[in-house]
Amino acid sequence: MLKMAGNKSYTIVEYFGGDSGYPCGYCKNDKGNFSHGMWSHTMTVQDYQDLIDRGWRRSGKYVYKPKMNKTCCPQYTIRCHATKFQPSKSHKKIMKKVSKFMSKGELPKGQDDGEPMDSVCDEAGPREPSKVKCATITDIQKELPECPAITEAQKEVADVAPTDSETSRKDPVSVADERTIATAPKPGMGADPGRPPCRKAKDLRKERRLQKEQIRQHADGVSPTPPTPAQTKQPKPLEDFINESLPDTSSHCLEVRLVRSNPPCPQFKASFDASYQVYKLYQMAIHKDPPDKPSESQFRRFLCDSPLEAEHSPDGPEVGYGSFHQQYCLDGRIVAVGVIDILPTCVSSVYLYYHPDFASLSLGSYSALREIAFTRQLQKQSPKLCYYYLGFYIHSCPKMRYKGQYRPSDLVCPETYAWVPIEQCLPRLETSRYARFNQDPDAGDARVLKDVGRALVLYRRAVMPYAAYTRKRKGSSDETEVQQYAGLVGQDCAERILLYRS
């Protein structure tokens, strides 16, 4: 993390706007994907936490925010309450499938039943970051050692500057609907009202067992007593499914290793080539990339480079904050990698790739469940770190609706940036691709830009408020751009993040 005088860490970005459309990987529209973008040379974990809570997302060091009311497939930030999560029947089925493979060694037949946890991918995500022209990090590093921290007197200069404030896994409901449509009977008289409704065999067996128990107790002269609350069966927690003990004769052994990717730790460097080879096979088999596209440099840029440096705090998790890879090692061999960021209040999923030979194990869903359990583990060390971010929820793309199955979960309102339970959001998304989720018409953005003059900029080895910068430049012509940038990041971030000015 680059530091100024006074040992204070700063986020440094260059803003690029985003007026032109580019291809969408979800609906295949040639020029329908619109987003704002900025290159982040370095970023604190708290600034990134605040940005993703306003709809931003990173791909390598490129940070982007979809233009929600203009882009063809609006992408809503989604988070799961990890500490309250209970696995669904389909989630349990996936964990049992992996456990069975570990025990008996036989891969299930058929392909994966859903999309992997790739919230950001080359085709569906932002522009290729390498095509963005920006100042080199070494140029900025030369400026920083001599750059004094901004003083309160400089901040006050901004107050006198007049400015205007900126104005695969389908959702369970949709699956049920499709099944109903596919098997709907032809119009007729309907069910025979004289016959009792059909009942599940499981319910009938349960009722017979209960009747037998009551008869036995009556014969023994014991009056049946209702079960006490302590006797009520509690749902099996997620960790019990993941940590299910396997027999000594198990065919395989699975180990999940956490390695820091930025700055790269020795274990990350030692396993780099093996991890890259899995990524290359994944991109060619799953995303149909030609062999030359998933190059080593593209892999580094996309999934290894990160603006987030390692940070530690007394009340934070033992592993610290920043960017990591979770390597799934089967009998010592890497078969899947989950790319994640550990932030002050969440674990944020960036990407998941796996060896195509194991596609039938539903590793996308399995890794998400493992990452939720990992979040719960970190929450015991850092109480406020209790959410799991799954990237973007895209309701207009049926293959991306599976993220809504990790409940309870919330979506960010694109206008007020308030979190709203997904159950309240889905009816609105059924009628419109773009929707405001906050139902209070008077609610607004709590961090709305009020004074662009107080936004910080880095100019000629000095940190200064934008109002002071415009006076130095005597007629700066970039106010519209800076106004747009500051409105998108919000007043708080605009007063902390350094916007690079050349």
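The values are calculated or read from the model by the stated rules, or taken from the named source; none is laboratory data. If you're wondering where the values come from, they're calculated on a predicted model, not measured in any experiment. All Cβ positions, glycine included, derive from the backbone under ideal geometry; neighbour counts span all protein chains shown. Side chains included, ligands, DNA and RNA excluded: accessible areas come from the protein's heavy atoms. Shrake-Rupley method; radii C 1.70, N 1.55, O 1.52, S 1.80 Å.
Some points to look at:
- Percent carbon-and-sulfur accessible area, segment 305-438, ignoring ligands, DNA and RNA, probe 1.4 Å: 48 percent
- When +1 charges are put on Lys and Arg Cβ atoms and -1 charges on Asp and Glu Cβ atoms, the dipole computed for segment 351-490 relative to its Cα centre reaches about 620 debye.
- For segment 32-78, the list of chymotrypsin sites (Phe, Trp or Tyr not before Pro) that fall in a loop by DSSP and count at most 16 other C-beta atoms within 10 angstrom is empty.
- The fraction of all Cα pairs in segment 12-63 landing in successive 5 Å bins from 0 to the largest distance is 5, 18, 24, 24, 15, 10, 4, 0, given as whole percents.
- Residue (of 429, 412, 375) at the positive-pole extreme of segment 374-456, dipole from beta-carbon charges: 375
- If only the Cβ of Lys and Arg carry +1 and only the Cβ of Asp and Glu carry -1, the dipole of segment 407-502 around its Cα centre is close to 800 debye.
- Accessible surface of segment 58-101, 1.4 Å probe, proportion on carbon and sulfur as whole %: 49 percent
- Taking max minus min of the alpha-carbon positions on each principal axis, segment 385-502 gives extents of 52, 30, 26 Å, largest first.
- Per residue accessible area of segment 364-419, 1.4 Å probe, in Å²: 28 Å²
- Descending principal axes extents, segment 48-100, alpha-carbon based, whole Å: 43, 25, 23
- Size descriptor for segment 297-404, Kirkwood hydrodynamic radius: 15.0 Å (Cα pairs only, one decimal).
- Cα centre as origin, Lys/Arg/Asp/Glu Cβ charges: segment 12-63 dipole, Debye: 220 debye
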